[in-house]
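The values are calculated or read from the model by the stated rules, or taken from the named source; none is laboratory data. Note that the coordinates shown come from a computational prediction; the quantities given were computed from them, not determined experimentally. Neighbour counts are summed over all protein chains in view; Cβ atoms, including those assigned to glycine, are modelled from backbone coordinates with ideal geometry.
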Amino acid sequence: MILFISYNIYMSHIQAIIFHKDYFDKRSAEQWLKKHKYKKIKPFHITLNYIRARIKEPNEDLYNYRIVTIKKGVKFVIGYPKY
């Protein structure tokens, strides 16, 4: 079981970062990305409640995706290999 978990950790990646608009605007989201050394590959996708920064193109043939809350107002979309 430990090897399986370790394999997932090493093969996973951040596909996107989602900022809640109650805590971030475009400028502060851009600053957060820069501070944490993430680079978006497309302009922000903005919805009513969220600002999404795409870090890597999704590949649903090879990866499953989960959303994980990192801190208040910040979520990561994590891709992990399908088995």
- Task: Confirm whether I55 is touching a helix residue (DSSP H, G or I) at 6+ places or on another chain (Cβ under 9 Å) and within 16 Å of S12 (Cα to Cα).
- Result: yes
- Take the range 54-83 and flag every residue that is crowded, with 16+ Cβ neighbours inside 10 Å, of a type in the set (A, V, I, L, M) and more than 14 Å from Y23 (Cβ to Cβ). I55, V77, I78
- Task: Working only within the range 26-42, note down all residues that are closer than 11 Å to I55 by Cα, outside any loop (DSSP other than H, G, I, E, B) and over 12 Å from the mean Cα position of the chain (by Cα).
- Result: none
- Task: For the range 43-64, name all the residues that are part of a strand (DSSP E or B) and modelled with pLDDT of 95 or more.
- Result: H45, I46, Y50, I51, R52, A53, R54
- Message: Which count do you get for residues in the range 8-45 that are loosely packed, with under 10 Cβ neighbours inside 10 Å and in contact with an Asp or Glu (Cβ under 9 Å, 6 or more places away or on another chain)?
- Response: 0
